[in-house]
Structures are given as C-alpha cells and as structure tokens.
C-alpha cells in the first residue's frame, strides 16, 4: 500500500513514512494510491470477528510495512475492556426495528475519537521507538479530538502534544478534561477565536518545512490517515451487528464537523461494505449541508460561525472534505490544488455546474441540518421513547437519520459522545443533568493548566520552540 497527496505532489510513500508527518509537503492530505476493494466473500469472512480481530484485519489492509505480529500487539493493547469499560467494544443498541445507535463513546474521554486515538497512541510510541526518534504533535480541536489525543499520548515516551482549542468555546467538561492534565508532555493553547482559527494556525505551521523538520512536528487530527483507517473499523463492526446475511444494506447517520467521521464511512463504502446511504448531519454551521444540497462550498468567516449547543461541530473549514473532493474529481491532484487555491483566495467554489456534480450526487451522501430547538426535541424524544439519553451532537445525527429514513431502510446513528460532556444542554432538554461515570464526578474543579494566545502563527511557533523536546 502506497499513499499519495490529494494535490498531486511528491512520490508515493509507505504508511510509516506518512504516519508522523500529517500534511503532505505540497499542503495536501495523504490517501491510498489505490482505494482497496473487497469482495463480498472477503467481507463476510470478517463477520464473526470480535473488535480487536476486526481492527487487525481492516488495519492490515492499510498498514503493510509493520510486521503483522507487531501490529496485532498494538491493536490488542489499544482495544481492551479496561480502556473501553466493557468487553463489548462499540456495541449496537436498537431503538426500534431499523433504527439503531452505534455506541462509540465508552473510552477514557467519553467520545468517539477514542476509537481511533487509543490505537494511534500505541502506534506512535511503537514507530518512534523503532526509529529512535521523538515527535512534537501539533493539533487543533473543537472539543473532543484534543482530550482523546492527550489521554492517548500522555506519558508516552518521545512524544509531546501541543493542542490548540478555541478559547471559551468548548463545554466546561471538555475544557476540564484537557486543561486538568498535568503531564509534562501535554501543552494546551487556548486560541482567542473559533476552531477554524486554530486549524489555520496548525496548517500554516505544518506547511513550514524547515520549522516542521527542526522541531519534528507531527499531526494527530483526522488529517492523519491513520485516524481515518482506524475509524473505518467501526463501520464494519456496526454493519455486521445490524445485519445477518451477505449483501444486506444499511445506512449510517453521521454528525459531521471536520468530515473525518463520515469520510471513514465513505472509504468503507468504497471498499465494498454494503452501505446504502451516508446521512451527513450538521448543526447551524451548515457549510457541508449547503454543499451537498447545492454544490456550493463556502467557508464562513469567524463572525458568521455560530456558537451552538453541539460545539464540536462548530466548524466552517472541514479538513477531510479535501479527500472527498479528490475522489469526485477523478483523483485529479491538479484540480484539487486549483480548487483549494480558489478557496483561499475567494472563500468558496461551486461544482454544481461542473462535470463533477454527477459524481457528488452518486457518492451516496445526503445531508441535513439541526437547530438548537430541534436537538433539544430529539433528546427529549429519545429519552421518552427509548429511555436513552444522547448528547447534542448525536441528537443532530439521530434527527437527520430519522427524518431521512425510508420505509424498510436500516439506519445506524453514530454516537459521538456521552451526554455528561454537555450537561447544561441535557439539563435544558430534560430538566436534570445526566449521571456521571465513576471517576468524572468533580473534574471541573481540578486545577487547570493552559496558555491563552491570539491566533498568531509566530507566537505558537515560539511556544513550541520553547517547550519542544
């Protein structure tokens, strides 16, 4: 398996060559040089596997330059009952016939990001030890990626984490999860601005080849292909749990901010998993919904980005969207480069009148949006009808999934976090805060350690230079 840039530059690379770097040198994102495809028989051979076995089988397709026994050991350490608080990793809960919830938030930070990040933590440590190297991870988070990355990397040898987050735009629980960590290798930077400001700084720093080399900068956001590959696994898990025979179709409803979660489903569909439709759910920040309805992709300026009750999706520039566009333009790196240049200069591009629009419409993705009042209503309805409390991001997905579901269609809604992470919204919806899992009772009262900065590339670089190892 070799990997290429979405913008066409450079030579094909192996998995371990792209693992630690994040962005390609030309500013693009890495994707497989050839998207793998499985036959129905090959898919069905995976059906009886437990989560660890399934993860090893799927990840082996994307990772062929790590010895199999080492990769298996990494997977086995990542996906344990002690880490995910149950022997049933990513269990499927059925609300009613044809409507299901894939529970992905039982990891240490109570968010679906743990499903990939726990694997990455062990994977990074293994590769760095093999190569005798150290790494300074630079990332941006709208809420859950940061804590998942930090919990996965805390105390790991040879790794320091520098995580940018939008100042005072996460829930109190999310902030406490990140900022209360006192590990010497964890550094939190709260940026005065929105998530897009954080992501822009990360991209500019990562595009500085000399700085990146000098300070050994790597990425752990979903721009890192390993994150996408690990997320593909739970689409297979959900599919097998909801079906009983080969060829049955299911659809997935996916809350989407940075497009990584739903892009992993798109990859699974391209691999041959019988996914009928991918239902993309946005909140009031509906850039992606606008594109899939109209073909017009227009990023919002900071003042236009709403602070919502599903804050992890308060994103305007969806990084992984570039990977999807690469596929729909026939894997034309030059076309992607031109579109993203246009995006930088004008803030938008429109494919509705282009030859590529038919490819968008045939990609299996539909979309919808949810408002604050609608997600509160969805939380109330699911609690009333099924005695299950869901978080506001999951509610966005459930709302779109139930509205778009056709007669006879099996829909799996992806859970994104446990409701305790957004207790104020749950209290507004249900009149009481959700019960906290053991160990999280007083997390907001713990001492917090973080730096507040403007979205200044030079200031962030200086901070990294001062603390990097």
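Bear in mind that the values in this text are calculations on the coordinates, not laboratory data. Small disclaimer: the values here were computed from a predicted structure and weren't measured. Counting neighbours? That spans all protein chains shown, and the Cβs are built from the backbone with ideal geometry, glycine included.
The table that follows gives values for the structure above.
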read-out: Sum of -39500 (n - 2.57) over DSSP H runs of 4+, divided by residues of the chain (222 nm, nearest 500); value: -13000 deg cm²/dmol
read-out: Hydrodynamic radius by Kirkwood, which averages 1/r over all alpha carbon pairs of region 17-123, in angstrom; value: 15.9 Å
read-out: Ordering of 146-152, 251-257, 54-60, 443-449 by burial proxy (mean other Cβ atoms within 10 Å per residue, highest first); value: 251-257, 146-152, 54-60, 443-449
read-out: Stokes-Einstein translational diffusion, region 168-225 - Kirkwood Rh over all Cα pairs, 1.567 mPa s, 4 °C, in µm²/s; value: 97 µm²/s
read-out: Calculated diffusion of region 295-399, Stokes-Einstein form, Kirkwood radius summed over Cα pairs, 20 °C and 1.002 mPa s, µm²/s; value: 134 µm²/s
read-out: Whole-number percent relative contact order across region 226-343, with pairs defined as alpha carbons under 8 Å at least 6 apart; value: 24 percent
read-out: Backbone N under 18 Å from the residue 211 label point (7 Å along Cα→Cβ), restricted to region 1-32; value: 21-28
read-out: Anisotropy class of the chain from Cα gyration tensor, a/c 1.5 cut; value: rounded
read-out: Where labels lie 7 Å past Cα in the beta-carbon direction, separation of residue 355 and residue 61 in nm; value: 2.9 nm
read-out: Kirkwood Rh (inverse of mean 1/r, distinct Cα pairs), region 101-255, angstrom; value: 16.6 Å
read-out: Fraction of beta bridges assigned by DSSP in the chain that are antiparallel (%, nearest 5); value: 25 percent
read-out: The chain, relative contact order [Cα under 8 Å, separation at least 6], %; value: 20 percent
read-out: For region 85-165, Kirkwood radius (reciprocal of mean inverse C-alpha pair distance, Å); value: 14.1 Å
read-out: Gain in span if fully extended, residue 462 to residue 82, counting 0.36 nm per residue against the direct Cα distance; value: 132.9 nm
read-out: Region 237-292, relative contact order [Cα under 8 Å, separation at least 6], %; value: 36 percent
read-out: Estimated translational D of region 217-271 in µm²/s (Stokes, Kirkwood radius over Cα pairs; 10 °C; 1.306 mPa s); value: 131 µm²/s
read-out: Rule-of-thumb Rg ratio for region 355-465 [Cα; 2.2 N^0.38 Å; N residues]; value: 1.50
read-out: Likely footprinting exposure, 405, 175, fewest C-beta neighbours within 10 Å first; value: 405, 175
read-out: Peptides 327-337, 235-245 ordered by average Cβ neighbours within 10 Å, highest first; value: 235-245, 327-337
read-out: Rounded to 5, the percent of DSSP beta bridges in region 45-187 classed as antiparallel; value: 35 percent
read-out: Highest-first arrangement of 63-76, 39-52, where packing means the average Cβ count within 10 Å; value: 63-76, 39-52
read-out: For region 191-287: rounded, prolate or oblate by the Cα gyration tensor [a/c cutoff 1.5]; value: oblate
